[in-house]
Each structure stands twice: as C-alpha cells, then as structure tokens.
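The values are calculated or read from the model by the stated rules, or taken from the named source; none is laboratory data. In this text the structure is predicted, and so the values were computed from the model without any measurement. Note that each Cβ is placed from the backbone with ideal geometry, even for glycine, and that neighbours are counted across all protein chains shown. We work out accessible area using only protein heavy atoms, side chains counted, and drop any ligands, DNA or RNA first. Shrake-Rupley method; radii C 1.70, N 1.55, O 1.52, S 1.80 Å.
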Amino acid sequence: MTLWEIDILPAAGLADAAGISLAAEARDLGLGDDLQITTARGFLLQGDLTSDQVHQASDQLLTDAITESAVI
C-alpha cells in the first residue's frame with residue numbers, strides 16, 4: 001500500500017488567518033513581538049490509490065479551492 005501526504009496551505013496572496021491568530025496569542029504571552037507564523041494542515045492517505053484518486057480526494061474533500069492550495 002502507498003502512503004500519500006497532502007498538505008493544505010493558505011492560497012497564494014491570501015492572509016494566513018490561523019498564523020496571524022497564533023502569532024497574536026504568542027505576542028500576548030510575551031513570546032515575541034515580531035513573529036511570522038505560517039500554518040498548514042496535513043493529511044495522510046494510505047491505500048491502493050492512484051495519483052488521480054488522491055488529487056480528486058484533495059480537490060473535492062480536503063481543500064477549499066478559493067482559500068487554500070494543496071501540496072501532494
């Protein structure tokens with residue numbers, strides 16, 4: 001069986017809302033005033049899947065095409 005990794009990131013040109021929020025929380029805790037944090041979500045898919053099936057799962061189930069991009 002093949003193990004596939006799919007990383008979901010904010011789309012190019014869009015703000016990373018989760019990263020901004022996390023940096024603000026860190027600033028409130030006194031951990032740094034000028035932190036640049038980038039976030040991503042990761043998924044592992046295991047099975048007898050073709051590349052096309054993995055791309056379809058990513059596009060139709062895991063990624064919001066307007067605000068996110070996927071790296072497989």
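May I ask you to list the residues in the stretch 55-72 that are assigned to a loop (DSSP other than H, G, I, E, B), in contact with a strand residue (DSSP E or B) (Cβ under 8 Å, 6 or more places away or on another chain) and open to solvent by 70 Å² or more (accessible area, probe 1.4 Å)?
Looking only at the stretch 55-72, we keep the residues that are assigned to a loop (DSSP other than H, G, I, E, B), and these are 63-67, 72.
Of the ones still in play, those that are also in contact with a strand residue (DSSP E or B) (Cβ under 8 Å, 6 or more places away or on another chain) are 63, 67, 72.
Hit for the stretch 55-72 is ILE72, nothing else.
When the stretch 28-48 is examined, which residues are found to be surrounded by 11 or more Cβ atoms within 10 Å (Cβ to Cβ) and over 20 Å from the mean Cα position of the chain (by Cα)? GLY32 - this is the single residue of the stretch 28-48 that is surrounded by 11 or more Cβ atoms within 10 Å (Cβ to Cβ) and over 20 Å from the mean Cα position of the chain (by Cα). On the given criteria, is ASP52 open to solvent by 80 Å² or more (accessible area, probe 1.4 Å) and of a type in the set (Asp, Glu)? It is true that ASP52 is open to solvent by 80 Å² or more (accessible area, probe 1.4 Å) and of a type in the set (Asp, Glu). If you go through the stretch 12-27, how many residues are among the small types (Gly, Ala, Ser) and exposed (fewer than 14 other Cβ atoms within 10 Å of the Cβ)? Result for the stretch 12-27: 6.
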